[in-house]
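The values are calculated or read from the model by the stated rules, or taken from the named source; none is laboratory data. These figures come from a predicted structure and were not determined experimentally. Glycine also receives a Cβ, built like all others from the backbone with ideal geometry; neighbour counts cover every protein chain displayed. Heads up: the accessible areas ignore ligands, DNA and RNA and are worked out on the full protein's heavy atoms, side chains in. Shrake-Rupley method; radii C 1.70, N 1.55, O 1.52, S 1.80 Å.
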Amino acid sequence: MRYLLKASCLILSLLALSLSTQILAQDLIHPRDMKIPKSEFKRPDPAKYQVSLDNGLVAYVAKEDQVPLVSLTAFIKAGKIDGHKEGAAESLAESFLNSGPKNMSPTTFKAALKRMTARYSVILHNKWTEINLNVPAEDLEEAFELFSAIVKSPNITEANIKTAAGKATKEVKVDKNGVIIDGSINVAVNKFHDIILKGNILGKKLVSSDFEDLSTHDVESFYTAYVVANNMTIAISGDINEGAIRKKLKAQFSGLINKTPPNRRNVPKIKHQKNKQHYFPADKLQTWVVIGHPLAPVAFKDETAFEVMNYILAGGHFWTRMFIETRDKYGLTNDASGYIEDQWDGSGSYSFHTSSRHDVTKQLYDNIMGVIYEIQEGLVSDEELMIAQNALADGVYEMKFKDGNATARSFAIEKLRYGNHERSKSYPARVRSVTKEDVLRAANEYMHPDAFQVILVGDYINLQ
């Protein structure tokens, strides 16, 4: 026993010595005094990656050969709110995802994806659709043929409409007492959107009956109207021969029709509601909270000021005012972050997401509201502004072009949305030009506590 005790003491002594050595070796200089050199990053020139076809289609091709993979993506400016028949966009997305192109059966299509060990997805947004195919580089030839065939001639069937109808709005699962079974932050966020978008086209929830009068002809008409050369962009990246890809793009997509798509549906401005608390019971050990309101389109001159303000207030990192006040000081939550949801046209939302034990939810809410009122009442510090500007202009911005895939995607989406690349070109300068006065103005212009909708999923707590 004496030997075991001696051995244990020796081990503990060595561990203590090791830890003390590590502590002494740590660099404890404050980041502001580290004299970190300024970033030399320059945004890539989009012209280097751009391929423009005679029919108006624009694609972006970027070599990224760190791993033997290839990514093929089509971005189409048509989403849930477009078209004259409800369910057409959802049914077309189903045909892209499950039926494949007309020249093969759905079974053969899925077998091809499996054979190539492909990762394939179709994401339908309110205003746009994304088709993405990722494959090993050795399967590029087959994958490119398959990808182009899906985009140019999807196999639209009655089965697609039936499947889309089956996926139409499904209620959150509740028990016999109306208590939510699977509570989560996603449930709280969805409830938030349901409340602020009620009565607006952006918040319309389809049900299976909306698909009853929908025909394959209606879906094909939707496809023909919106999937045209000048209403989409393509991004291709990975372990590729750029010259060969450019030739393939011209060979496969030059025949795509170029015509003006129908006018987009008008999205009415969402009116702010009076501040209100909404409670949804969930049988869980914590309560999820979403606080926010609709967000009208932010003026171009205010975009970066609003982003800088949110970064300082609740930008999803460890040094925001909200994180410090809720996590660092009091340990009330693991996260309290702000989310700017920007719609391509029409209203978006600005909200704060968090969660906590039931017994501290009221204190958590009060702390969150405290820092919100504070940033509306006075100027931020020089240090806060500097950190936010550097993080956005050097960090967040650079990540949009961190590799070939990110670069091709960023340029393709920007071109589809704005028609040019002026915003990404001017972004760093616009961020660095934001002043403390701009931050204060944005905090009061675009954040309205008297219109906050407060969603609680969990235990009932009176927050007022």
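Largest first, what is the accessible-area ranking of I161, I123, I413 with a 1.4 Å probe?
Working: I161 10, I123 75, I413 45 Å².
In descending accessible area the options line up as I123, I413, I161.
Rounded to the nearest 10 Å², what accessible area does E145 show when all protein chains are kept and the probe is 1.4 Å?
100 Å²
To the nearest 10 square angstrom, what accessible area does H125 show with a 1.4 Å probe?
60 Å²
Residues with amide H under 5 Å of S355's amide H, sequence separation 5 or more or different chain, H placed in the peptide plane at 1.01 Å from N; which?
Amide H to amide H, under 5 Å and 5 or more residues apart or across chains, S355 pairs with V289, N334, D335.
Let me understand the chain better: what is its radius of gyration from the alpha carbons, and its Dmax, in angstrom?
26.0, 89
Taking θ as phi - 60°, what are the ³J(HN,Hα) couplings along the stretch 329-344 by the Karplus curve (6.51, -1.76, 1.60), each to the nearest whole Hz, with x for Gly and Pro?
With coefficients 6.51, -1.76 and 1.60, one gets 6, 10, x, 7, 7, 8, 7, 8, 10, x, 10, 8, 9, 9, 8, 5 Hz.
Mind ranking K402, K362 by accessible surface for me, highest first, 1.4 Å probe? Don't skip to the answer; put the middle values down first.
Values: K402 130, K362 70 Å².
Ranked from most to least accessible, the order is K402, K362.
Over 23 Å between Cα atoms: which of K110/K152; K162/K415; K191/K271 fall into that group? Intermediate values should be presented prior to the final figure.
On the way: K110/K152 18 Å; K162/K415 34 Å; K191/K271 17 Å.
Beyond 23 Å: K162/K415.
Taking all protein chains together and a probe of 1.4 Å, list D182, D403, D302, D213 from the most accessible to the least accessible. Don't skip to the end; give the middle numbers.
On the way: D182 85, D403 45, D302 5, D213 130 Å².
From most accessible down to least: D213, D182, D403, D302.
Check A62: other-chain or 5+ apart residues with amide H under 5 Å from its amide H, H built from backbone geometry?
Amide H neighbours of A62, under 5 Å, 5+ apart: I236, S237, G238.
Pop out the ³J(HN,Hα) list for the stretch 373-385 in order, Karplus 6.51 cos²θ - 1.76 cosθ + 1.60 with θ = phi - 60°, rounded to Hz; leave Gly and Pro as x.
My calculation for the stretch 373-385 gives 4, 5, 6, 8, 9, x, 6, 6, 7, 4, 5, 4, 5 Hz in order.
Using the crude model of +1 on Lys and Arg Cβ and -1 on Asp and Glu Cβ, and no other charge, please compute the dipole size for the chain relative to its Cα centre, in debye to 20.
On the way: 57 positive and 56 negative charges, 84 e Å.
Charge dipole of the chain: 400 debye, to the nearest 20.
For the stretch 353-464, rounded, prolate or oblate, judged on the Cα gyration tensor with a ≥ b ≥ c (square roots of eigenvalues), a/c < 1.5 rounded, else prolate if a/b > b/c? The partial results should precede the final answer.
On the way: a/c = 2.44, a/b = 1.68, b/c = 1.45.
Here the stretch 353-464 falls in the prolate category.
Note down the accessible area of E422, probe 1.4 Å, to the nearest 10 Å².
Spelled out: E422, probe radius 1.4 Å, area about 110 Å².
Which ³J(HN,Hα) values in Hz, rounded to whole numbers, follow from the phi angles of the stretch 408-422 under the Karplus curve 6.51 cos²θ - 1.76 cosθ + 1.60, where θ = phi - 60° and Gly and Pro get x?
4, 5, 4, 5, 5, 5, 4, 5, 5, 7, 10, x, 7, 10, 5
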